[in-house]
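Below you'll find the structure, written out as structure tokens, and then a few comments.
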Amino acid sequence: MKVSARNVFKGKVRELRPGAVNSEVVIELAGGETLVAVVTVESVNSLNLAPGVEAVALVKAPWVMLMTEASDIRLSARNCLNGKVLSVTDGAVNAEVVIELAGGTKVYSIVTREAVQELGLVPGASATAVIKASHVIVGVPA
């Protein structure tokens, strides 16, 4: 599978929380972290999602927000993944920041160069990747 999304997370469905229109899909990543996606009930059915099913979660890098010093902040975003900055690649306006989670999963984010400076995003710094559950696209192997 070739996709343009920078973040392709492979894992297994750990849990389904069905709703009337949408369902929450909890995907366990290889390193043990979880990622929550909100998808339609129709998508759950058409993809045959169930606990134990292999799944792929796609997230475009610009949809990944970053924050530091997050210990005393609560957010409505379902996915707050803590890790360490692995690398920062500067562009003319934006930068690509790669965060490595404790289990080894890499998360890619595109943020402004100004944000990189303001947050002190340098290799080795602690950072949290914030991803709204509605920004996670779920797929299954064919």
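The values are calculated or read from the model by the stated rules, or taken from the named source; none is laboratory data. Computed from a prediction, not measured in an experiment: that's the story for all the values here. Note: ideal-geometry Cβ built from the backbone for every residue, glycine included; neighbour counts use all protein chains shown.
Tabulated results
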{"item": "Close pairs from region 116-142: first at positive phi, partner modelled with pLDDT under 95, Cβ under 6 Å, at least 6 apart", "result": "none"}
{"item": "Any hit, region 45-52, residues being of a type in the set (S, T, Y), in contact (Cβ under 8 Å) with a residue 60 or more places away in the chain and out of contact with any Ser or Thr (no Cβ under 7 Å at 6 or more places or on another chain)", "result": "no"}
{"item": "One residue from V116, V111 being crowded, with 16+ Cβ neighbours inside 10 Å and either small (G, A, S) or over 26 Å from A37 (Cα atoms) (or both)", "result": "V116"}
{"item": "Condition met for M65 (of a type in the set (A, V, I, L, M, F, W, C), exposed (fewer than 11 other Cβ atoms within 10 Å of the Cβ) and touching a residue at least 60 places away in the same chain (Cβ under 8 Å))", "result": "no"}
{"item": "Candidates S76, S4, S43 - the one that is surrounded by 15 or more Cβ atoms within 10 Å (Cβ to Cβ) and not aromatic (F, W, Y)", "result": "S43"}
